[in-house]
Every structure is written in C-alpha cells, then in structure tokens.
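Written below as structure tokens is the structure these notes are about.
The values are calculated or read from the model by the stated rules, or taken from the named source; none is laboratory data. Here the structure is a predicted model, which is why all the values come from computation and not from measurement. Virtual Cβ from ideal backbone geometry, glycine too; neighbours counted across all protein chains shown. The protein model used for the area step is the full one, side chains on, heavy atoms only, and it has no ligands, DNA or RNA in it. Shrake-Rupley method; radii C 1.70, N 1.55, O 1.52, S 1.80 Å.
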Amino acid sequence: DAGVTQSPTHLIKTRGQQVTLRCSPKSGHDTVSWYQQALGQGPQFIFQYYEEEERQRGNFPDRFSGHQFPNYSSELNVNALLLGDSALYLCASSRLGGSDEKLFFGSGTQLSVL
Amino acid sequence: GEDVEQSLFLSVREGDSSVINCTYTDSSSTYLYWYKQEPGAGLQLLTYIFSNMDMKQDQRLTVLLNKKDKHLSLRIADTQTGDSAIYFCAQDGLTASKLTFGTGTRLQVTL
C-alpha cells in the first residue's frame, strides 16, 4: 500500500518564477492538505482540498493556489516566487469523516528559490 | 489565537527515558498529536490522544495530557539511537486536516 507520494523531491527556481508541486494521497483517502515547513520551524497549514474544492485556507497569499483532480491527487502552485518561499512543502492526506481521520504525510518537496 | 510551544533540544543516554513537553493555547482541539521527523523525511504520525483523555500508552510511548494547564507530554521508554529525530506536537482545529504544530524538539540519543 503506497503512502502519500510527492514529486519532485527537490526543485530549484529563481525569484519571479512559478512552480507546481504534485501529490498523490494514500490509498483510500479523499482529502489532501498542503503544509509549508521553513527551516527550523514546524509545518504551517496552507490549504485543504476535498471534492476538488478548496475547503479551508491558512494565512497564505493568493500566490499560493491549488487543485484537486477526480482521482484525489492534488497540485500546489506558487506564482511570483519569493526568496522566502524556500521551504519543504509537505502534502498530507486523510479520509474525511472516517472513523480514524488522521493526517498522513508525504516526504515533501524541498523548494529552493534563488 | 493558536500557539504551540516546545523546548528546542533534549539529549538523553541510550536506555534512559525521554520526556518531550509541549504547551498549547487553544483549548478547543479534539485531538492532540505527536509526529516524528527524521532528517530529509516527512512527518510520521507516532501517536495521538483524544482531548477527553488524560493518558494513552502505546508500547514504549506514553502521552500525558493536562487540559487544565494545557500541557502535553510524550515519554519514550528505553530510548534508542533510532529515536533520534525532531518531535512535533500538534493540535487540530475545526477539522483534523488543519493542524497547528509546535516548532519541534530535537532529540539526541547518546551512547
């Protein structure tokens, strides 16, 4: 049973560029959440997707957007990259309303903005 | 607002017990969690506790919750070198998907 998978594992971009990160949820899960983890910090909630719609959003600007596909996989897009966007981006999945609705995380995409 | 705090670093000898502490401000959580992060890896869910419970034991792990003081702790018995990692406590909010994490405690296990 594959867990949460993310691609790519590492990415280097320059300021002003745009980036797309991808996530496949754990088998049986229908909800995907994205988190940003800056160096030396705990992860911070960006947003959650369920039924192909953004359901909740954290304190992140509109430059951060996402999408969920019918197969429950998800993409995180970041436009007009800033140096401060350099971080580990973690995807997590869960099954909404399940008896054991807990978040399972992928290994993350390390984004470096130069 | 939501705020979760942890001490930054803990060093223990192999075979001893480790106790990692966490304080939080939001008392409306349903569950509180402990996650483990090894270098270059994502987060691994270690254990969690329902907010109405005081204690939960899971093999070498014991979670204690003091709701009055808003204090959560994780005890690891017989700590091994493989336990060296960063440990995050987290609490949920309106949903289980939106977690607020602490800054993490780096556990170093020495021989």
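The order of A:S24, B:S51 by accessible area, most exposed first and with a 1.4 Å probe, is A:S24, B:S51.
Distance from a point 7 Å along Cα→Cβ of A:N59 to each backbone N in region B:1-39: keep the residues under 11 Å and list them by number. Flagged as within label range: B:1-3. Surface composition of chain A: carbon plus sulfur atoms hold 47% of the accessible area, using a 1.4 angstrom probe and ignoring ligands, DNA and RNA.
Given the C-alpha atoms of chain A, compute the convex hull and give its volume per residue in Å³.
On the way: hull volume 11.0 nm³, N = 114.
Hull volume normalised by residue count: 97 Å³.
Within the assembled protein chains, the solvent-accessible surface assigned to B:F9 is about 110 Å², based on a 1.4 Å probe.
Prolate is the label for the protein assembly as shown. Its Cα gyration tensor axes, ordered a ≥ b ≥ c, give a/c of at least 1.5 and a/b above b/c.
Checking an interface number: how much accessible area is buried between B and A, summed over both chains, with a 1.4 Å probe, in Å² rounded to 100? Before the final figure, lay out each step's value.
Values: alone 6270 and 6260 Å², together 10950 Å².
That pair of chains buries around 1600 Å² in total.
Protein heavy-atom surface of chain B, 1.4 angstrom probe: 49% of the accessible area is carbon and sulfur, with nucleic acids and ligands not counted.
Computed with a 1.4 Å probe over protein heavy atoms only, the accessible area of A:H10 comes to about 130 Å².
The charge dipole of chain A, taken about its Cα centre with unit charges on the Cβ of Lys, Arg, Asp and Glu (plus for the first two, minus for the last two), comes to roughly 400 debye. In this structure the protein assembly as shown gives 49 Å² per residue of accessible area when probed at 1.4 Å with all protein chains present. Cα gyration tensor of region B:29-111, axes a ≥ b ≥ c as square roots of the eigenvalues: rounded (a/c below 1.5), prolate (a/b > b/c) or oblate? Judged from the Cα gyration tensor, region B:29-111 comes out oblate (a/c at least 1.5, b/c at or above a/b). Taken one residue at a time, the phi angles of region B:21-33 give Karplus couplings (6.51, -1.76, 1.60, θ = phi - 60°) of 10, 8, 10, 9, 10, 7, 8, 8, 5, 8, 10, 10, 10 Hz. Gly and Pro are set to x.
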